[in-house]
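Participant: Got a structure here, written out as structure tokens. Questions coming.
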């Protein structure tokens with residue numbers, strides 16, 4: 001039995017007949033297409049085949065036939081497949097029916113300035129609509145909560161309380177002390193010029209209670225907890241868990257967003273009070289070591305400079321910041337796509353959105369409190 005593939009060419013005027021003999025399989029030896037190409041001529045009008053002596057064939061035989069067919073198409077030569085095995089004819093038909101990949105030329109034209117402004121404006125309008133829609137869903141969820149119809153697990157709520165409170169104490173404590181140290185050090189440099197070092201207690205006390213305590217705690221929670229909320233909900237989107245909740249008739253806002261939002265609304269004011277205390281303590285360290293101010297002097301000056309009104313301003317801001325952090329994390333998580341990269345994008349977007357909202361809202365509230373004399 002012939003163990004190799006043989007091809008012979010027979011010219012019939014302008015027509016070319018190719019005779020395949022032996023075995024044309026992966027395990028056999030046969031001429032490469034470069035050698036077969038020498039048998040073909042651009043002057044031929046048609047190519048036909050004779051496979052009466054063909055013993056066996058597989059995909060290698062089809063590859064050779066496909067190369068011959070492409071050569072014939074490129075040179076306007078009629079390719080006649082009647083002499084081929086019926087199976088080979090069907091496979092060649094399927095191969096020729098699949099369109100080739102057409103390279104797509106990248107569009108190097110960058111959008112114009114007006115197009116960029118229009119795209120950004122359209123995105124901002126769409127994002128604002130989603131903000132308002134999500135706010136309405138949360139409002140309805142709290143109405144169901146107060147009427148006893150909201151569905152969520154108490155164990156989930158307690159877990160989120162722990163994650164938003166005690167688990168965040170170490171990082172909040174460290175940052176708060178350092179912020180108090182920085183405020184005191186910057187103030188000390190200036191106050192020493194006027195011999196008013198004792199007023200460093202006023203600077204740190206007011207700065208921490210009205211502004212920095214709530215803001216730094218909120219920014220820390222945005223990077224720590226807001227991103228975690230977005231990643232958790234985004235992963236649920238990927239795993240189709242949110243779709244499963246809707247199929248079971250459970251509102252995802254009640255079951256997933258409500259406990260997270262409520263936990264952060266409760267814990268962030270408490271973290272703010274803790275941050276105020278540690279920030280004031282950090283300021284005392286600088287006053288004690290660099291300005292030789294005693295603890296009694298620092299304490300008395302702090303008590304005289306701040307009041308419950310200042311603590312109230314900070315606590316009110318912390319409640320707003322807590323809502324914004326949880327809102328941003330849950331919103332971006334619910335908007336997440338169904339891929340790993342989409343979850344990462346949602347977590348990043350949650351942090352950015354939360355920090356921007358915190359800074360903007362803090363500026364607005366500061367101006368309003370100043371106008372109202374609070």
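Bear in mind these aren't lab numbers, they're just calculated from the coordinates by the rules spelled out. Values in this document were obtained by computation on a predicted structure and should not be read as measured data. Note that we place each Cβ from the backbone using ideal geometry, even for glycine, and neighbour counts take in every protein chain shown.
Participant: Tell me the angle of helix 154-164 to the major Cα principal axis of the chain, expressed in degrees between 0 and 90 and rounded to the nearest ten.
Facilitator: Approximately 70 degrees, to the nearest 10.
Participant: With the Cα gyration tensor of region 1-91 in hand, convert its eigenvalues to equivalent ellipsoid semi-axes via √(5λ) and list them largest first in whole Å. Please report the intermediate quantities before stating the final value.
Facilitator: Working: eigenvalues 86, 35, 31 Å².
Gyration-tensor ellipsoid for region 1-91: 21, 13, 12 Å.
Participant: Roughly how tilted is helix 86-97, in degrees to the nearest 10 and between 0 and 90, from the longest Cα axis of the chain?
Facilitator: Between helix and principal axis, roughly 40 degrees.
Participant: Can you order the peptides 357-363, 204-210, 314-320 by their average number of other Cβ atoms within 10 Å per residue, highest first? Before the final figure, lay out each step's value.
Facilitator: Details: 357-363: 15.7, 204-210: 25.6, 314-320: 20.7.
Highest mean packing first, the order is 204-210, 314-320, 357-363.
Participant: Shifting gears a bit: Would you work out the relative contact order for region 180-267, in percent, from Cα pairs under 8 angstrom that are 6 or more residues apart?
Facilitator: On the way: 26 pairs, mean separation 14.2, N = 88.
Worked out over region 180-267, it gives 16 percent.
Participant: Now, a different point. Starting at 0 and stepping by 5 Å, how many percent of the alpha carbon pairs of region 140-372 end up in each bin?
Facilitator: Whole-percent P(r) values from 0 Å outward: 1, 7, 13, 15, 16, 14, 11, 8, 6, 4, 3, 2, 1, 0.
Participant: Explain nothing, just the number: relative contact order of region 1-69, from Cα pairs under 8 Å at least 6 residues apart, as a whole percent.
Facilitator: On the way: 112 pairs, mean separation 25.4, N = 69.
Reported relative contact order: 37 percent.
Participant: Let me ask you something else. Quick check: Cα centre of region 112-173 to Cα centre of region 1-55, how many Å?
Facilitator: The two parts, judged by their Cα centres, are 71 Å apart.
Participant: Restricting to Cα pairs below 8 Å that are 6+ residues apart, what does the relative contact order work out to for the chain? Please round to a whole percent. Numbers along the way, then the final one.
Facilitator: Working: 500 pairs, mean separation 63.3, N = 374.
This gives 17 percent for the chain.
Participant: Ok, one more. Using only Cα atoms, tell me the angle between helix 113-146 and the longest principal axis of the chain; keep it within 0 to 90° and round to the nearest 10.
Facilitator: For 113-146 against the chain, the angle is about 60 degrees.
Participant: By its C-alpha gyration tensor, with a ≥ b ≥ c as the square roots of the eigenvalues, how is region 295-374 shaped: rounded for a/c under 1.5, else prolate for a/b larger than b/c, else oblate? Could the numbers behind the result be given before it?
Facilitator: On the way: a/c = 4.14, a/b = 2.49, b/c = 1.66.
Taking the square roots of the gyration eigenvalues as a ≥ b ≥ c, region 295-374 is prolate.
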